[in-house]
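S.K.: Quick one: the structure is below, and I'll ask about it shortly.
The values are calculated or read from the model by the stated rules, or taken from the named source; none is laboratory data. Since this is a predicted model, take the numbers as computed values, not measurements. Backbone-built Cβ (ideal geometry, glycine too); neighbour counts: all protein chains shown. Heavy atoms of the whole protein, side chains included, go into the accessibility calculation; ligands, DNA and RNA do not. Shrake-Rupley method; radii C 1.70, N 1.55, O 1.52, S 1.80 Å.
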Amino acid sequence: MQKINRNVVLALLSLTSLVFLLFQLCYYKFYLSQKNGAAFSKVRGSQSGQDSTRWHVVRKFLGLISSHNIPVYLIDPLILGLVDKDIEQIRSSPDGPSPECKYFCAPRDFTTFALLDKTWKHEVGLFRTAEKIGFQWLKIINKDPRLDGMDDLSGMEIPLHYIFKLASHAIHLVVFYERSGNFLWHGPLRLKQHMDRKFVPFRKLHFGRYPGAYEKPELLLVSIDDLKVQIPKNPSSFLEEVSHSRFLECRYREARAFFQLYSDDASLDAVEFRKKAKSLLHLAALTLNNLGVKFWLSSGTCLGWYRQCNIIPHSKDVDLGIFIRDYKADIIPAFQKAGLPLKHKFGKVEDSLELSFQGEDDVKLDIFFFYEEDDHIWNGGTQAKSGKKFKYLFPKFTLCWTEFVELKVHVPCETLQYVEANYGLEWKVPVKTWDWKNSPFNVQDNGVWPIDEWDNVIQIY
C-alpha cells in the first residue's frame, strides 16, 4: 500500500471543513435567520441590517395582531417624540413623510404599544400564532387593584404586560384598564420568581416601573415608515402625561384595619355629608381642570384618602392644595359661575393666599395656596378677627395620581410625610375636635397683617 502524502490529507480535510462551514452559513442565512427574524431585506432608507431588523419585527408584530383583530396603538416615547416633530407632515401624507426609515429604525431595544383590555380576550390563539412565526413571549400578571376594596374579589389576577421578542428586538405591549374615574390605568411590571430576568432589558422599559394613569386618548391612523399604525392624535400631550403619570393606589388593606378599630360612621348625617362632599369635589375638579390649574387633595381630605379611602364624615369641608405658581385670576369667577359663591379670601398672591367657597348647605371648599422655599413648602392661614398670620410647613413633595370617590385626582407622592407633617405620628387615631390654629403639628406663628392691609387681605362675604 502506497504511503499517503500528509500534505494531501491536510488539504482534503481543510477543503472539507471549508465546504461544511459554507453550508452552515448558507443554511443559517436562508432558513434559520428567516425563521427567527434575523435576516431581512432592506426597508427603504435603512442604514444597516440591525435597523432593518427593528422595522421588520414591528411589521411582523402588526401583522400578528391584525390577523387576530386586536386594536393596539403606539405609545413608544422615543418614536412619538420623533413623530411629534413631523406630525403635520405625517397627518397630511397618506404614505408617510419621507422615503427613509426614520422612526421604527431608530436605535432601541424595544418598541412599545398599548392595548385596551376590554377590546380583546383571546390570548391563547395569539400566542400560538406568535410562536409559529418565530416570536418568544412573556406574560406578566398581578392583582387587580379595582377589586381590592371588595373582600370577596381581592386577589384576582389580571394580565398587565405582554412582551414579544424576535431576533434582537422586543415588543412591549402595555395593557390599559378603564377605571371608575373615567380614565385609563396600567399596572406595574413585577416579575414572578420563576421568570427569566434576562428575557429583555426590563430596566429600560418606559412603562412598568410604576403604575400609571392617563386620559383616554383620541387616536389617529397614520402611515409611518410604510406601516399603518394608530397613535395618540396629540403626541406632545401624551408625552407630557407620560412624564407625570405615576399612580398611587388607595390603601384598602390599611383602611379595613382602620375600620376594625374605629367603626365607620354610617349615620344619615355622615352619609349625606359624604354625598355632598363628593359632589363638591367633582365640581371643583371639573372647574380647575377646565382652567388648566393643577391641584391635589390636602389637609383632612388627603388624610381621609390615605387613612380610610373615603371622606372623613366629621371634617365638614373639602380641602385642596394649589402651588401659587399655578394661580390664575380666573379661579374665583370660574367657581362663582359654577354656582359656588366666595365665602372668604385671606392673604394675597404674594403671601398666604387662601380661598373658601360655599357649597351645598354647610359644606365648604377650602383652597390653600402653597409657596416653595429652598428646603420646604408652606401654606398660610389668617385669623380674621385679629389679623394674626400662621404658617404650615411641609417637606418638599411631588404629585401623583390616585382614584378617590370615582375621580382621578392628585395627591402628594410622599403622602406619609405630608400627613405626618400636618397630623403628627398619631395620624391613624381619629380626632373630632380640631383647632386649625393650634392642633396642626406643623403650624407656626407668622406675624400679623398690618391694619392698613386688612381690607385687601381679610375679605369675608
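S.K.: Go through the range 271-302 and report how many residues are within 13 Å of residue 419 (Cβ to Cβ), open to solvent by less than 10 Å² (accessible area, probe 1.4 Å) and in a helix (DSSP H, G or I).
M.R.: Of the residues in that region, 1 qualify.
S.K.: Among (1) in contact with a strand residue (DSSP E or B) (Cβ under 9 Å, 6 or more places away or on another chain); (2) free of Cβ contacts under 8 Å to residues at least 60 places away in the same chain; (3) surrounded by 12 or more Cβ atoms within 10 Å (Cβ to Cβ); (4) not β-branched (Val, Ile, Thr), where does residue 251 come up short?
M.R.: (1)
Each row is one residue, and each column tells you yes or no for (1) open to solvent by less than 60 Å² (accessible area, probe 1.4 Å); (2) in a strand (DSSP E or B); (3) in contact with a Pro (Cβ under 7 Å, 6 or more places away or on another chain).
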| residue | (1), (2), (3) |
| --- | --- |
| 146 | no, no, no |
| 162 | yes, yes, no |
| 165 | yes, yes, no |
| 173 | yes, yes, no |
| 190 | no, no, no |
| 200 | yes, no, no |
| 210 | no, no, yes |
| 217 | yes, no, yes |
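S.K.: Taking only pairs six or more apart or across chains, which ones have beta-carbon atoms under 9 Å, a first residue in the range 116-139 that is closer than 20 Å to residue 200 by Cα, and a second residue that is acidic (Asp, Glu) and modelled with pLDDT under 90?
M.R.: Listed pairs, sorted by first residue: 138/196; 139/123.
S.K.: Pick from 353, 320: which is assigned by the TED database to the domain that holds residue 295, within 23 Å of residue 451 (Cβ to Cβ) and within 31 Å of the chain's Cα centre (by Cα)?
M.R.: The match here is 353.
S.K.: Of the residues that sit in the range 354-398 and are among the aliphatic types (A, V, I, L, M) and surrounded by fewer than 18 Cβ atoms within 10 Å (Cβ to Cβ), which one is farthest from residue 316 (Cα to Cα)?
M.R.: So, considering only residues that are among the aliphatic types (A, V, I, L, M) and surrounded by fewer than 18 Cβ atoms within 10 Å (Cβ to Cβ), the one farthest from residue 316 (Cα to Cα) is 393.
S.K.: How many residues are in a loop (DSSP other than H, G, I, E, B), out of contact with any Gly (no Cβ under 6 Å at 6 or more places or on another chain) and among the polar types (S, T, N, Q) when one looks only at the range 239-270?
M.R.: Count: 2.
S.K.: Still on this structure, please answer the following. I need the full set of residues from the range 414-435 which are at pLDDT 95 or above and open to solvent by 50 Å² or more (accessible area, probe 1.4 Å), in order please.
M.R.: 414, 416, 417, 420, 425, 426, 428, 429
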